[in-house]
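Right, one structure below, let's go through it.
The numbers here are math on the coordinates, done by the rules we state, and not lab data. Here the structure is a predicted model, which means the values were calculated and not measured. With ideal geometry, Cβ positions are generated from the backbone for all residues, glycine too; neighbour counts draw on all protein chains shown.
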Amino acid sequence: MKSTTRIIVTSLLLLIAVASPAWAQAKSELTVALSSFSAETLDPALQGHNVKYYLSLMFDYLVGVTPDGQPSQAGGLASKWESSADHRRWTFHLRKGVKFHDGSDMTSEDVKFSLQRAMSKRSTTGYAGPLRTLIADIETPAPDRVVIVLKESTLIIPTYLSRSLSTEGMVLPKKYIEANGDDVFARKPVGTGPYKFVEQVVGSHIKMTAVDNHWRIGVPKYKNVTFKLVPEETTRIALLRRGEADVADVSRERVKELEKEGFPVHMRREEAIIHMWWILGPEGRTPPTKDKRVREALNLAIDRAEIAQSIFGGYAEPAAIPMGLSWAFKEVGFKVTPEMAYPYDVARAKKLLADAGYAGGFTQDVYAFQLPGFAEGKSFAEAVAGYWEKIGVKSKLIPVDYPAFRKQWVDRKAPGAVGYYNIANRDWIGTYALLEKQAYTPSKLNDTVNDPEIDGMIAQVMRQTDREKINALMRNIYTRMRSEHHGVPVVYVHSPYATSKTLGKYNPGAVMYDLFIDELARK
Amino acid sequence: MLRFVLFRLLQSLVALAILSVVVFVLARATGDPLHMILPMNASEEDYANARKYLGLDRPYVEQYFSFVGRAVTGDFGTSIRARRPVIELLRERLPNSLKLAAFAMGASLAIAFPLGVMAAVKKGTGVDRAAQIVAVLGQSLPTFWVAIVLVEFVAGRWQWLPAGGADSLASYVLPGLTLGWFVVAGMMRLLRSGMLEVLDSEYVKLARLKGVAERKVVWVHALKNALIPVVTFAGIYFAILVTTAIVVETVFAWPGLGRLAYDGITSRDFPVIQAVVLTTATIVAAVNLGVDCLYAVIDPRIRYSR
């Protein structure tokens, strides 16, 4: 019996020795542990912006952006671009000598092929629809020149093909895909990015290895980069503590604990707006929220500062503009004035309800769900319902998951019911694209606003070629959204990313769904 | 015996056919997968295109027969979320689940056998009481809590063992123990009660009177006769370990079948849900059949009428 005990103890000690943390080893690996991988497809045409953070290591965009979201001639495959006087012909000059991971040259034919593929019916990317509407033809006058011919004048084409939006601007290898087919490409993708695909185990990890020398970042600092899917936060933090992960998304409530232990925590400030809206009926808004006063009352009844503190641990800021994605404000010259902020004013909210004929309040359905990056979803819904209760509006909380709510929303089967989303912050064109779907009556499916004045301004933005006029239109849209209370903007949330103690400086940037992991590989 | 096996096979096939209808209908009743895979700002045109491309625009009856027709050949279609053939995903995940279940079951047997037998032999002593505590805790502590505690302390703070993944033998320990503890508890109690009954039987008393060594009485004569319920339990639990380790696989980031099922359900990935349910049902049916057959090997007195 004693010898058995000795064997067991020795085995356990050996196991512990074998399993000792990885921090003792030299770091040539970078491991990113994330709670969600979204769709886990490696084909840029089969998913939208949600998969950018790992695809942007393998693929380069036609138009690059800086981590703070500004178009950059140094960051994309197009080293410069210009448009004709009427803004209907856009010429992109391609960088020479760029090669795909299979050794073939990147040319204008690849750009044309990639764009056509992104716009094809098979594509499920976020902005395939607008590109189909806009693009008439793609010309390739030279291997290093692409001309995009538009059906109408617009300034927004470079942004649509940049890293600041979705995956439509990623350049794919025409010859490789044509020779091997879409399925092989999706399993073994080939791009021009700083890292080559090595392995994917769906639901587990995606592994990449560095190219020898990349035109954008030079010789990558890390030989291998692995994205690990680790849904449980305790496990992600344990990986960080053991040195088995270098970057991990963490919840707002564990930030202080990690900082106390000495782990740097990098905030993506105002990463998303927590925004609520009422589902429209088949003919538009329905009572009681058809009345502007009711919408204002519901906004005034919420103590945003308290929600920011109690639900989001202080890592949030009150929001004031419905669908007002703040990363775009500076670009279009919009400023949220103190008068625009919604004060917490129960008395005024009650008076507005009484004026609208709802002195006794009313009952409304509130769909309660959690979302990736928004673990506080249900407690948030409960908190808001509690505030509304104080002005006599009884909220019936319906616990569902997001797809169930979305079905009610787009089918318009629950008019007046309330839902919400953590809408990723983005630049002005991203904001415009969002408004064009969620605040534009002709879009039907996703509309949450139904306001002819807003419709008119949104329609003008696309065709406007004077940037100052575009900015003015965007400012007017924001102002109108606020004055008509077209939704309940609650808070902007900051998203924390913890890194290992040895990783050094890291800027997760301000581009939606992109963590700029490739910037970490820059020596 | 052959008739019995054939009859049970037929029963299993009917059950699988019924299950295929149920899972097909229920998976579709929970929502539209396009709401998960298409971006929030997708247009009606985007929806129509994706629906057509994924074959979701066809009538349900046509979709069902297409699914069944392909499933019998091992083709479960393409994952809506990962856009890869589901069979590939199953091939990647099932071995991981089998390996983890085998480790958990092996560890459970290694702990439960000596503990169960000793608890019966030394009834009422400290050993018995310690075994009872293990059993009560194993069956009452929620798996997710045990998993989180192990990750937080054993992996995260003390850094003794890996926190997640399936990279090395060491990475099996925490998920294996979490998964196996419940089985240890059940198996230990079953073995203890079975042993107590057998140890009190006439033939064991006779063996003792005939001077057979106590070790042989306990570990050979008594244990063999107390094994039948344990074999049933172990067989069924092995199938359950393979097929229902969702919580453990999620906490320990273990790329197994449970996680695949969970991801499939949360993203309304019909082909994955259907494939996982049918695969797990097939495993459970096969294990049950295997256990029934094993009875006859362990105890030749057992005969099957059908």
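Here r is the Cβ-Cβ distance between B:Ala29 and B:Glu202 and R0 is 51 Å; the resulting FRET efficiency, rounded to 0.05, is 0.30.
Entry note, chain A: the mean residue ellipticity at 222 nm calculated from DSSP H runs of n ≥ 4, each adding -39500 (n - 2.57), is -9500 deg cm²/dmol after division by the residues and rounding to the nearest 500.
Averaging the Cα positions of each part gives two centres, and for the range A:334-375 and the range A:65-87 these lie 41 Å apart. Going by a ≥ b ≥ c, the root eigenvalues of the Cα gyration tensor, does the range A:322-409 fall in the rounded group (a/c under 1.5), the prolate group (a/b larger than b/c) or the oblate group? Note, shape of the range A:322-409 comes out oblate. Sorting B:Trp160, B:Trp254, A:Trp409 by the number of Cβ atoms found within 10 Å of their own Cβ, with the fewest placed first, yields B:Trp160, A:Trp409, B:Trp254. Comparing B:Ala101, B:Ala245, B:Ala207 in a Gaussian network model of chain B where C-alpha atoms under 10 Å apart are linked, the largest mean-square fluctuation is found at B:Ala207. Quick check: Cα centre of the range A:280-298 to Cα centre of the range B:141-158, how many Å? Centre-to-centre distance over Cα atoms comes out at 48 Å. Please label the shape of the range B:1-139 as rounded, prolate or oblate, based on the square roots a ≥ b ≥ c of the eigenvalues of the alpha-carbon gyration tensor (a/c under 1.5 means rounded; beyond that, a/b larger than b/c means prolate, else oblate). It comes out prolate by the Cα gyration axes. Full extension of the segment from A:Thr465 to A:Asp212, taken as 0.36 nm per residue of separation minus the current Cα-Cα distance, would add 86.9 nm. For A:Gly64, what residues show an amide H to amide H distance below 5 Å, using hydrogens built from the backbone and excluding near sequence neighbours? Amide H to amide H, under 5 Å and 5 or more residues apart or across chains, A:Gly64 pairs with A:Ser72, A:Gly75, A:Gly76, A:Leu77, A:Ala78. Between the helical axis of B:126-140 and the longest alpha-carbon principal axis of chain B there is an angle of about 20 degrees. Summing +1 for each Lys or Arg and -1 for each Asp or Glu among the other residues whose beta-carbon sits under 10 angstrom from that of A:Asn507 gives 0. Rounded to the nearest 10 degrees, the angle from helix B:257-266 to the longest Cα principal axis of chain B is 40 degrees. Legend: helices of chain A (whole DSSP H runs) are marked when their alpha-carbon atoms reach 30 angstrom or more along the helix axis and their mean Kyte-Doolittle hydropathy is at least 0.5; nothing is marked. Fewest neighbouring Cβ atoms within 10 Å first, the residues A:Ser162, A:Ser38 line up as A:Ser38, A:Ser162. Shape verdict for chain A, please, from the Cα gyration tensor: rounded (a/c under 1.5), prolate (a/b greater than b/c) or oblate. In terms of gyration-tensor shape, oblate. Separation of the range B:42-86 from the range B:184-221 is 57 Å, based on Cα centroids. The simple Förster model, with R0 at 35 Å and r as the Cβ-Cβ distance, assigns A:Glu283 and A:Lys151 a FRET efficiency of 0.65. Modelled spin labels at B:Phe4 and B:Val136, positioned 7 Å past Cα toward Cβ, are 3.9 nm from each other. The angle between the Cα long axis of helix B:86-121 and the longest principal axis of the Cα atoms of chain B comes to about 20 degrees, rounded to the nearest 10.
Of B:Phe65, B:Phe76, the sequence from fewest to most neighbouring Cβ atoms within 10 angstrom is B:Phe65, B:Phe76.
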